[in-house]
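In what follows, a structure is listed as structure tokens, so that the remarks can point back to it.
Values quoted throughout were computed directly from the atomic coordinates according to the rules given, and no laboratory measurement underlies them. Note that the coordinates shown come from a computational prediction; the quantities given were computed from them, not determined experimentally. Neighbour counts are summed over all protein chains in view; Cβ atoms, including those assigned to glycine, are modelled from backbone coordinates with ideal geometry.
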Amino acid sequence: MTAPVLQLTDVTFRREGKQIIDGISLTVRAGEHWALLGPNGAGKSTLLGFCGAVTFPTSGTVRIFGERMGRVELAALRHAIGHVNPRHPLRYPLSIRAVVLTGLTATIDTPMRWTPTAEQVRRADAMIESVGLKGKGDNTWPTLSQGERGRALIARALIAEPRLLLFDEPTTGLDVAAREQLLETIDHLDRTHPEVASVLVTHHLEELPTSTTHALLIAEGRTVAAGPARETLTTGNVSAAFDHPVEVAYDRGRWTARAKVDPLRTFAP
């Protein structure tokens, strides 16, 4: 068994006296693709902050690539972590190519007095083509659709050759067609980058790519269920996590969820 890429051990987090995370553990290995699901306020964003070497737990330990947070230079860890966030806070109307190149500098905007090499530009264009945006490298960020931005951010995350990818609700704001195109792009990574591990945060089972291997369900900062996706994303576990009776179905690699309805229940006109 390979060494963990990411390991959270009994982590907790408190803010202003409130317990946000309460004793969650998670181990992610190379090539595994984890889904992190739970209702609003469950603590998903905080956990993703641990995974990205951005947030320190109040207690417990976080190890990334075998290095314990608090005992290692965080910048070195972050360069090997790709983060795909549809709310990418870009301040200037950069081109797709320029945005992708910021993945090499681990910055939001192009650093002052930094110029990419010809080889780096070539790699950026290759990444842009690989996510289905061939010929669009010069298009500026404000002119892109939300789906194009999502795929550009995947290219940005990949250019630094990360060992871990974090997807923070990557299909937020997308229509059905754009969502499916983005999920196809994510699924394709399982073939082109088989050793890269990932953690994807979402509220919706329908937004999970077919490449999902494992899942962690949380509620109120605690683990409800964790393990292989097919064993974890069940009607009982999802209903418990969201505190509502939900019927979960699985077909050809994709999940769906809908509220259970009592067929004998009648409604007043």
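Pairs of alpha carbons in the stretch 147-269 separated by more than 26 Å make up 28% of all such pairs. The relative contact order of the chain comes to 23 percent, based on Cα pairs under 8 Å that sit 6 or more residues apart.
Each residue of the stretch 104-113 was assigned a 3J(HN,Hα) from its phi angle through the Karplus expression (A = 6.51, B = -1.76, C = 1.60, θ = phi - 60°), giving 6, 9, 6, 10, 7, 10, 5, x, 5, 6 Hz with x at Gly and Pro. Dividing the radius of gyration of the alpha carbons in the stretch 1-78 by their Kirkwood radius gives 0.96 for Rg/Rh.
Each of Met112, Met127 was scored by other Cβ atoms within 10 Å of its Cβ. Listed from fewest to most, they are Met112, Met127.
For the chain, the average shadow cast by the Cα convex hull is 17.7 nm², which is a quarter of the hull's surface.
The alpha-carbon atoms of the stretch 73-120 define a convex hull whose volume equals 107 cubic angstrom per residue. A compact globular protein would have a Cα radius of gyration near 2.2 N^0.38 Å; the ratio found for the stretch 92-161 is 0.97.
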